[in-house]
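Take a look at the structure set out below.
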Amino acid sequence: MFLDSILDLMKTLDKYFLRQLIGIFIMLLLILTGLAWMVQIMSMMKFLISYGVKLSSFLGLTIMMVPFILSIIVPFVTFITILFVYNKMIGDNEIIVMASSGTSPGKIARPALFLAGLLTAANLVLNLWIVPATQAKFYDTQWNLRYGLAHLKLQEGAFTEMTRDLVVYVDKVSGYDLNHVMLSDTRKDKSQMIIFAENGKLITTMRGLSIVMTKGALHATGNGSIIGTFDSFDMDLSIATKNNSSSFKSRRMATGDLIKYISQDVSDKQRKTILTELCNRFLQPIMNFILAALCLAILLRSSLLRRRTSFAPALSVVAMSVVMAAFMSASNMLETTAHLFILGGVQFIVLGIIMAVLLKK
């Protein structure tokens, strides 16, 4: 409906180009996203088997990666779409006829630039809001499936090895409430802790998984021997810590929080990580438009030479590879926020040069 109203305002030539561009774009986007999603599923198959996660939960987890996949592949899909459609029209002499009838390169390129502009805006929305939200949900869900209460299943009347050298025996299980608990912890070298308790309850905290036991006795050996009783004992099982310095992942932080975080006293490594992430969120979407304009400039200028243009697609691919490699290298070399603004300025200068070549009559 929205697309039809836009097409009604455009000329017949623009509609003709846009219909082909949108059709090819959707087809390529579905194929490449599906392939990338399948690769993600295969890479996480060990997670499904090792932790006994339900298939529905596993698929739901991998689907959360789709927005991130889209944010990466959209610029490349845009480039391939324009390359395919315009090169086909050049090969069929359609663009040469249009140019001969007085249609300027700017008018011929307008539908592709319009589509690239829409995709740039959509990619910016993905990077700034949708990807951080889904990535935060992905890591939280992954942690809960691995180490949280959603994963843990204690069997009644059996010894359960929660992690290496940590064994729990429970006489009766009712949800996360436990009756008659025996816990053996030998994770520390040359020491052992054995705990008996009448009741216990599993809880999850920011530290990880814990078990709160009541009315029990403790026997610990190591440097010495400790024997005692307790009314309540909270034991951190230390299977995993949900948030710690080693699990710093800028991708799951909200954009506003990321900007605030970089102004704090952080390590040089974290600062570079944050700057790279901010670069990917704010500047990477602009590559949609840069790659689209670059492809159009090479294809249309080559076609106007009225010579064989078989070299143009290969030249476009090489130029795209060089530009993307330069951008990715620069994004990983940022050390200060000033460098981030400089890189953004360079992008607009490059885009201005490409557009000047493309629109030149």
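The table below gives the values:
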{"read-out": "Over the chain: helical MRE at 222 nm, DSSP H runs n ≥ 4 each giving -39500 (n - 2.57), nearest 500", "value": "-19500 deg cm²/dmol"}
{"read-out": "Distance in nm between pseudo-label sites at His339 and Asn223 (7 Å out along the Cβ direction from Cα)", "value": "4.6 nm"}
{"read-out": "FRET efficiency for Ser263 and Asp165, using Cβ-Cβ distance with R0 set to 41 Å, rounded to 0.05", "value": "0.40"}
{"read-out": "Percent of C-alpha pairs per 10 Å bin, the range 158-236, short to long", "value": "18, 53, 27, 2"}
{"read-out": "Spatially proximal lysines relative to Lys201 (Cα-Cα < 25 Å; intrachain offsets below 8 disregarded)", "value": "Lys54, Lys153, Lys172, Lys188, Lys215, Lys242"}
{"read-out": "Rel. contact order, % - alpha carbon contacts under 8 angstrom, at least six apart, the chain", "value": "16 percent"}
{"read-out": "Sites Asp236 and Gln270, calculated FRET efficiency, Cβ-Cβ separation with R0 25 Å, nearest 0.05", "value": "0.45"}
{"read-out": "Candidate aspartates and glutamates - alpha carbon under 15 Å from Lys107, same-chain residues fewer than 8 apart omitted", "value": "Asp14, Glu94"}
{"read-out": "Aspartates and glutamates whose Cα lies under 15 Å from that of Lys137, excluding same-chain neighbours fewer than 8 positions away", "value": "none"}
{"read-out": "Gyration tensor (Cα) of the chain, equivalent ellipsoid semi-axes in angstrom", "value": "59, 22, 16"}
{"read-out": "Top of Gly344, Gly106, Gly256 by mean-square fluctuation, Gaussian network on the chain, Cα under 10 Å", "value": "Gly256"}
{"read-out": "Neighbour-count order for Val181, Val346, fewest beta carbons within 10 angstrom listed first", "value": "Val346, Val181"}
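Quick note: the coordinates plus some simple rules give every number you see, no bench work behind them. As the structure is a prediction and not an experimental result, all values here were calculated from the model. Positions of Cβ are generated from backbone atoms using ideal geometry, with glycine treated the same way; all protein chains shown enter the neighbour counts.
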